[in-house]
1. Please enumerate the residues belonging to the range 101-143 that are of a type in the set (D, E, K, R) and touching a Leu at 6+ places or on another chain (Cβ under 6 Å).
2. Take the range 314-327 and flag every residue that is surrounded by 17 or more Cβ atoms within 10 Å (Cβ to Cβ) and under 14 Å from Ser72 (Cα atoms).
3. Can you spot a residue in the range 356-374 that is in a loop (DSSP other than H, G, I, E, B), modelled with pLDDT under 90, crowded, with 21+ Cβ neighbours inside 10 Å and not aliphatic (A, V, I, L, M)?
4. Which condition breaks for Thr286 when tested against (1) in contact with a Gly (Cβ under 9 Å, 6 or more places away or on another chain); (2) of a type outside the set (Gly, Ala, Ser); (3) farther than 20 Å from Phe118 by Cβ?
5. With respect to Tyr217, determine if the residue is assigned to a loop (DSSP other than H, G, I, E, B), in contact with a strand residue (DSSP E or B) (Cβ under 6 Å, 6 or more places away or on another chain) and surrounded by 19 or more Cβ atoms within 10 Å (Cβ to Cβ).
6. Can you find a residue in the range 293-313 that is buried (at least 16 other Cβ atoms within 10 Å of the Cβ), part of a helix (DSSP H, G or I), in contact with a strand residue (DSSP E or B) (Cβ under 9 Å, 6 or more places away or on another chain) and at pLDDT 95 or above?
7. How about the range 158-205: which of its residues are in a loop (DSSP other than H, G, I, E, B), closer than 30 Å to Ala40 by Cα and of a type in the set (A, V, I, L, M)?
8. Looking at the range 48-79 only, could you name the residues that are crowded, with 22+ Cβ neighbours inside 10 Å, outside any helix (DSSP H, G or I) and β-branched (Val, Ile, Thr)?
Amino acid sequence: MKSIKSFIALTLAAAIIIGSATSCSTAKAGDLMDGVKPGAVVGKAADAAFIASAADFSVELFKKTITDSENSLISPLSVMLALAMAANGAGGETLAQMEKLLGGGIPLGELNEYLYSFVNNLPDMETSRLSIANSIWFRDSKTRLSVDPVFLQKNADYYCAEAYASAFDSQTVREINNWVSTNTDGMINRILDEIDSRELMFLINAVLFDAEWQQVYYRERIREGIFTDISGVEQTVDFMHANEGVYLDDGLATGFMKPYTGGRYWFVALLPDEDVPIAEYINSLTGDGFIETLKNASFETVVTTMPKFSYDYSIGMQDALNALGIPDALDIAKADFSNMAASPDGNIYISRVQHKTFIKVDERGTKAGAATMVSMAAGSSSRGPDEIKIVRLDRPFVYAIIDGATRLPVFIGTLTSV
């Protein structure tokens, strides 16, 4: 392994979710994709193996990245797409660990095909938008970085990733932030403050979600009430009241599902039983269990009460990803990203993973966003069917925004305080 001398920052900014269509955009920096065009990709439809592995990744990442004392929110889709792009530059044991984490052992080639089909089959509708864009930015310095063209081609084929060479100066900062803002409808308007002189690469993924409820909450269904936060403090907030048609019960929590317009995307709420602390409930979650809970939903009237809420969340994910099984990618001495690029400054490894999210839930619908930055460094109980169910979200609960076809969460979080 070469000695440590400089940073390669590989930034994956992922996420505001709403509908779906992978998009390509433009920037003023030098276009490195001249001659590297997205090739024909067959793709692979989401099956039981992919859904199980993606659900497990989503729930386990959620469990490792929540903060007990505050509202939490992550976009598993954002993080998975970001890491999958990076994995296309990995080799050896580093690649094996990333394949195990991201796909439960599914080979990266197949995972690329699954993600390509999954993303491109998420519908993009006027009132339920989901758009995804990817880009790669390189420092315009041939003496410090030699990028593998196969790496560029794979990320162009499967992720429609554009690539740009830039001076990595203040103008580059503005271009990257403008790119992120444009691809997230301004929900994330800044992912980068400055570029360190040692940083050589950024990978950016943006996902946008903005959807209206199938049945909005009218003014007369919004009333003040008390939400008791995780510390026992009572907060006066606006609650939205409605009767929903899908009830959930996993034995430790009850909840409901509420559709967005078009019926493909759903809001899921799970309220732990009163004698089950939310931390204990979250710790009990599994990917299989989450999917089964949604599969076993019953179609019956649920009287629901949900607070309006809005917040953002930020967390460093290095420790979580290390615990989840990719220690080599984070280890300067063991990381193998030789299929991504080579630098005379030293070995390339993931030095930092920062995840930021935003969500707003109100009477009209939901807006949610996430940004994932991966920096890389170079160097040395059953009830009767006719019983009316009541779910009042007036204390901490778990929620998710899911794709109704696969039941996979695009966002998953906790509301502990309004």
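1. Step one: filter the range 101-143 for residues of a type in the set (D, E, K, R), giving 110, 113, 124, 126, 129, 139-140, 142.
Asp124, Arg139, listed by residue number.
2. Ile315, Met317
3. No; the residues of the range 356-374 include none that is in a loop (DSSP other than H, G, I, E, B), modelled with pLDDT under 90, crowded, with 21+ Cβ neighbours inside 10 Å and not aliphatic (A, V, I, L, M).
4. Among (1) in contact with a Gly (Cβ under 9 Å, 6 or more places away or on another chain); (2) of a type outside the set (Gly, Ala, Ser); (3) farther than 20 Å from Phe118 by Cβ, the lone unmet condition for Thr286 is (1).
5. yes
6. Yes; the residues of the range 293-313 include at least one that is buried (at least 16 other Cβ atoms within 10 Å of the Cβ), part of a helix (DSSP H, G or I), in contact with a strand residue (DSSP E or B) (Cβ under 9 Å, 6 or more places away or on another chain) and at pLDDT 95 or above.
7. Filtering the range 158-205 down to residues in a loop (DSSP other than H, G, I, E, B) leaves 160-161, 167-169, 184-200.
From what is left, the residues that are closer than 30 Å to Ala40 by Cα are 160-161, 184-185, 200.
Scanning the range 158-205 gives Ala161, Leu200.
8. Those that are crowded, with 22+ Cβ neighbours inside 10 Å, outside any helix (DSSP H, G or I) and β-branched (Val, Ile, Thr): Ile66, Ile74.
The values are calculated or read from the model by the stated rules, or taken from the named source; none is laboratory data. Treat the numbers as computed from the prediction; the structure is a model and nothing was measured. Cβ atoms come from the backbone with ideal geometry, glycine included; neighbour counts cover every protein chain shown.
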